[in-house]
Amino acid sequence: MRSRIVLLSLALAVTSGLAASDPSPLPGPAFPVPATPSALKADCDRHLATARRAVSRIERRPADAAWLAAYDDVSGLVEDLSSPVFLLSNVHPDKALREAAEACELKWQNFFSALNQNEKLYRAARKVRPRNAVDAELLKRTLESFEDSGVGLPRDKRARAKAISDRVNELSQAFDRNIRDANPQFAFTDAELRGVPESVWKSAPRDADGRVLLGLDYPVYVPLMQTAVVPATRERMWRAKTDEGGARNIQVLGEISSLRREYAGLFGFPSYADFVLRRRMARDPDQAHRFLEGVRVAVTDRERREIDELRDAKARDLGRPLAEVKLDRWDTAYYTERVKRERYSVDQEAFRPYFPPQQSIEFVMRVIEKSMGLRYTRVPGVKLWHPDVQAYVASDAKTGRALATLYVDPYPREGKYNHAAVWPIRSGAARAGRAPQAALVVNLDRKGLNLEEIETLLHEFGHAVHNNVSATRHVGGNSVLDDFVEAPSQMLEEWVYDPRVLATMREVCPACVPVPDALLAKAKVAERYGKGAQYARQQLFASYDLALYGRDHHEPLALWARMEGGTVLGHVPGTMFPAGFSHITASNYAAGYYGYLWSEVVAADLRTAFERDKFDSDVGRRYRDAVLARGGERPPSDLVQDFLGRPSSSNAFFEDLKR
Ligand SMILES: [Zn+2]
């Protein structure tokens, strides 16, 4: 996924002296890391005051031809002042500092909701006459974000809209905190961990009885679910992961969905999904539902077939008649891996020796460089929020011109965001000579990566490069529609199965042993296996999200139990998956989870251009210029059409599902 911060469609200005004292060789201002929680609080209050002064200056400005650029400058200033805090709350090693950052986030979110409800600015924006298509698109988006914040509502409704957004922000934060800070540990005897590679648990801490203590981090959870022979071990971990966030989060989610329904009602919409989707590629919930139904029809048989095969594998494994064997949810990853090993003799663990973590980062960078005409150079000695964090400058391979900064935070640690995401800290803007900056936050296994993790890394680099090569005129031009934003990342995922792509590893690590062609070929076939179940799961998540934010009120857990209960594997009573499903509380994924599948349609279509040669520099450069560099300056379907030379089509996606 990508970052879940939304910094309105605003964003320049190196006017504040932020950059003036910058001693670093990286483009743009140095990343600010306050030394203590109280320093963070003081900075926060000072920055908010600066931002408020900038807003009151522009309030007094006439709505002339230069208004839009002046407003965009304020957006840039606000982005520079606020965005580091949204990253620090997720990555800083000190819990007290993370909490101070969260408190500051709430102040910024209140600032943003007040800004988007600023009547003076809204009235000025309505008077602006755009000079060209790029300005017109920015103006349209700017007016929409004002309107969606309720500035055009009668006074009482407007106050209610602000109160609701502030409350939803607080609740979403609490939801994430309940997951992030829970940090549960589970004790297992060595025997209970039979089958799990020792590298996953041998060096973990132990309790007084000598039992191994394991948490729910991905580098532990995923291999354990794939390899633990003892069903009770898998069941315990699966239940814990599924219930992450706990019952309090179900309550929080219920409150959020009711508040959002009420919010949409203030604007006369029957549901939050109706309110949100009118601004997206999908246009309305009916079209999103129709699309999801198409996916369901396309994958159902395949899912059923796969699950039958897994049941069969379980029956053979246990030496019991098929009719007596039921496949449990904590069996799927285990038997999927087993079938893959049996049938394709592929073991994901076998890939780790080929992909040491640091070289994997450099390898993925090299792939991006070769395809898109870039160069990433590490800049040593930059002091950031943790000693593990690395700084890179991205430059154009041909001209050598420095374009952007990329920070990489590679390894897991306590209290750190435990998925993979990119925070776009700073949006580029050609008009203001503004260099983009982003932070890529992942949790790599220090022992090396498997192929699926390399795929994730490619995905996240897709987001990073989207930020880094931005050449939009305005800061606000960077903001991309939520049902398109995953497409460039998804397009890259499959590249990992191309031997020519993998051979690039040798360019960054001559000493690394290359992945044998035969192993890769088998992995490529095996990768298709389990797709039916995966897509069916994504389809269920997306349908749940749309239903939760749909026209009828639902209690979140009852709705989930009913919908999951209708699937082949059914619902496990007592479990509460939605308690850990943080996407659907975040403003840009609520009523927007379908976007992951929707943008896969676009990704599959984009991929067709690279079919012949992923390192064709003409294609890569055209892609960089026509799609990535343009951000949200034009509607996504126009960008795709420019690049492909034809209107976008869902053929490649549905063909691929059938494969
Ligand atoms: Zn993503």
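The values are calculated or read from the model by the stated rules, or taken from the named source; none is laboratory data. Predicted model, so just to flag it, every value in this text is computed and none were measured. Virtual Cβ from ideal backbone geometry, glycine too; neighbours counted across all protein chains shown. Areas reflect the complete protein model, heavy atoms only, side chains present, ligands, DNA and RNA absent. Shrake-Rupley method; radii C 1.70, N 1.55, O 1.52, S 1.80 Å.
Structure data summary
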item	result
Single condition R131 does not satisfy, out of (1) part of a helix (DSSP H, G or I); (2) open to solvent by 40 Å² or more (accessible area, probe 1.4 Å); (3) modelled with pLDDT under 95	(1)
Sole residue being open to solvent by 20 Å² or more (accessible area, probe 1.4 Å) and touching a strand residue (DSSP E or B) at 6+ places or on another chain (Cβ under 8 Å), chosen from G373, G319	G373
Test: K447 is more than 16 Å from the ligand (Cβ to nearest atom), outside any helix (DSSP H, G or I) and over 19 Å from the mean Cα position of the chain (by Cα)	yes
Positions within the range 107-128 being over 32 Å from the mean Cα position of the chain (by Cα), of a type in the set (A, V, I, L, M) and assigned to a helix (DSSP H, G or I), in sequence order	A124
Residues of the range 488-544 that turn out to be in a helix (DSSP H, G or I) and either away from the ligand (no atom under 16 Å from the Cβ) or acidic (D, E) (or both), as a count	34
Inter-residue pairs, beta-carbon under 8 Å, first farther than 10 Å from E455 by Cβ and in the range 486-500, second outside any helix (DSSP H, G or I) and within 15 Å of the ligand (Cβ to nearest atom), 6+ apart	E486/M1; E486/R2; S489/R2
Condition met for A65 (hydrophobic (A, V, I, L, M, F, W, C), open to solvent by 20 Å² or more (accessible area, probe 1.4 Å) and farther than 24 Å from A163 by Cα)	yes
Options Y623, Y593: the member that is in contact with a Leu (Cβ under 9 Å, 6 or more places away or on another chain) and open to solvent by 10 Å² or more (accessible area, probe 1.4 Å)	Y593
Matching entry among D409, D482 (being open to solvent by less than 10 Å² (accessible area, probe 1.4 Å) and of a type outside the set (S, T, N, Q))	D409
Test: residue in the range 35-53 that is open to solvent by 20 Å² or more (accessible area, probe 1.4 Å), at pLDDT 95 or above and in a loop (DSSP other than H, G, I, E, B)	yes
Qualifying residues in the range 645-656 (those that are surrounded by fewer than 18 Cβ atoms within 10 Å (Cβ to Cβ) and of a type outside the set (D, E)) - the one farthest from A430 (Cα to Cα)	F654
In the range 143-159, the residues that are more than 19 Å from Y71 (Cβ to Cβ) and assigned to a helix (DSSP H, G or I)	R155, D156, K157, R158, A159
Test for P219: is it open to solvent by less than 30 Å² (accessible area, probe 1.4 Å) and in contact with a helix residue (DSSP H, G or I) (Cβ under 8 Å, 6 or more places away or on another chain)	yes
Residues that are more than 26 Å from the chain's Cα centre (by Cα) and open to solvent by 40 Å² or more (accessible area, probe 1.4 Å), drawn from the range 148-173	G152, P154, R155, D156, K157, A159, R160, K162, A163
When residues of the range 455-487 are limited to those that are away from the ligand (no atom under 15 Å from the Cβ) and β-branched (V, I, T), the one nearest to F653 (Cα to Cα)	V469
Test for A288: is it crowded, with 20+ Cβ neighbours inside 10 Å, touching a Leu at 6+ places or on another chain (Cβ under 9 Å) and outside any helix (DSSP H, G or I)	no
Options R366, R378, R426; residue that is at pLDDT 95 or above and open to solvent by less than 10 Å² (accessible area, probe 1.4 Å)	R426
Unique residue being within 22 Å of E452 (Cα to Cα), among the β-branched types (V, I, T) and assigned to a helix (DSSP H, G or I) when the list is V299, V276, V346, V252	V299
Answer residue from the range 433-442, given it is away from the ligand (no atom under 15 Å from the Cβ) and surrounded by 19 or more Cβ atoms within 10 Å (Cβ to Cβ) and is farthest from D94 (Cα to Cα) among those	R434
Hits in the range 245-266 (condition: open to solvent by 30 Å² or more (accessible area, probe 1.4 Å) and of a type outside the set (S, T, N, Q))	A247, R248, E255, R261, E262, G265
Residue among A430, A421 that alone is away from the ligand (no atom under 15 Å from the Cβ) and of a type in the set (G, A, S)	A430
Test: residue in the range 566-576 that is in a helix (DSSP H, G or I) and open to solvent by less than 10 Å² (accessible area, probe 1.4 Å)	no
Residue match in the range 130-151 (condition: closer than 30 Å to K202 by Cα and hydrophobic (A, V, I, L, M, F, W, C))	no
Flag for E452 being within 16 Å of the ligand (Cβ to nearest atom), open to solvent by 10 Å² or more (accessible area, probe 1.4 Å) and at pLDDT below 95	yes
Criterion (of a type in the set (G, A, S) and within 20 Å of L569 (Cβ to Cβ)) met by exactly one of A282, A313, A288	A313
Among (1) modelled with pLDDT of 95 or more; (2) within 30 Å of D331 (Cα to Cα) - the single one S470 does not satisfy	(2)
